[in-house]
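Provided herewith is a single structure, encoded as structure tokens, for subsequent inquiry.
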Amino acid sequence: MAYSSGFLILTGTWLIIVLAYMVRKLPFSVRSAGAILQQIDPSLEEASINLGVPPALTFLRITVPLMLGGIVGGFVLTFVTVASELSATIVLYSGPWTTMTIAMFQALEGTSPGIAAAAATVLIICTLLPVALVYRLLRRHELSML
């Protein structure tokens, strides 16, 4: 009801689904980045600042590269959970914005379990490929903790 009146009408658009995904899944990325930030020794930043490097540049050159593995891991975790999200999508979707999980749900409610199985296979591939790609890139650049 909040987004169906006034100057900001999002009901029935794809933006409301993206907004719901961001609000629900953003804590995954924040917790991942926060956990990796707590593991970085503060003396690294202090040494850089003591050598005359400005704090913003220290953050960009020292802290961000050390956090990159956690940040990318948080984004992958968020992507995988958003790709298979059903609970928020089923409430917010409208006709032209049907996601793959909605198509699977509708196929299972009807008499098309084969279509649901095919869509589930495509969903597994669509989530597995980016995870494998990121894992391979992180291993190549030695940013992964695995």
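The values are calculated or read from the model by the stated rules, or taken from the named source; none is laboratory data. What you are looking at is a predicted structure, and each value in this text was computed from that prediction instead of being measured. All Cβ positions, glycine included, derive from the backbone under ideal geometry; neighbour counts span all protein chains shown. The area values use the complete protein model at the heavy-atom level, side chains included, leaving out ligands, DNA and RNA. Shrake-Rupley method; radii C 1.70, N 1.55, O 1.52, S 1.80 Å.
Could you give the size of the charge dipole of the chain about its Cα centre, using +1 on the Cβ of each K and R and -1 on the Cβ of each D and E, expressed in debye and rounded to the nearest 20?
So the magnitude is around 180 debye.
While we're looking at this one, here's another question. Which order do Leu57, Leu77 take when ranked by solvent-accessible area (1.4 Å probe, heavy atoms of all protein chains), largest first?
Leu77, Leu57
Same structure, new question: For region 40-123, compute the orientation-averaged projected area of the C-alpha convex hull (one quarter of its surface), in nm².
So the mean shadow area of the Cα hull is 8.3 nm².
How far, in degrees from 0 to 90, does helix 14-39 lean away from the longest principal axis of the Cα atoms of the chain, to the nearest 10?
Orientation of helix 14-39: about 30 degrees from the principal axis.
Could you sort 48-56, 118-126 so that the peptide with the highest average Cβ count within 10 Å comes first and the rest follow in order? Walk me through the numbers before you get to the answer.
Working: 48-56: 11.1, 118-126: 14.0.
Descending mean neighbour count gives 118-126, 48-56.
Per the Kirkwood treatment, what hydrodynamic radius in Å, one decimal, follows for the chain from the mean inverse distance over all distinct Cα pairs? Walk me through the numbers before you get to the answer.
Numbers: mean 1/r = 0.0547 Å⁻¹.
This gives a value of 18.3 Å.
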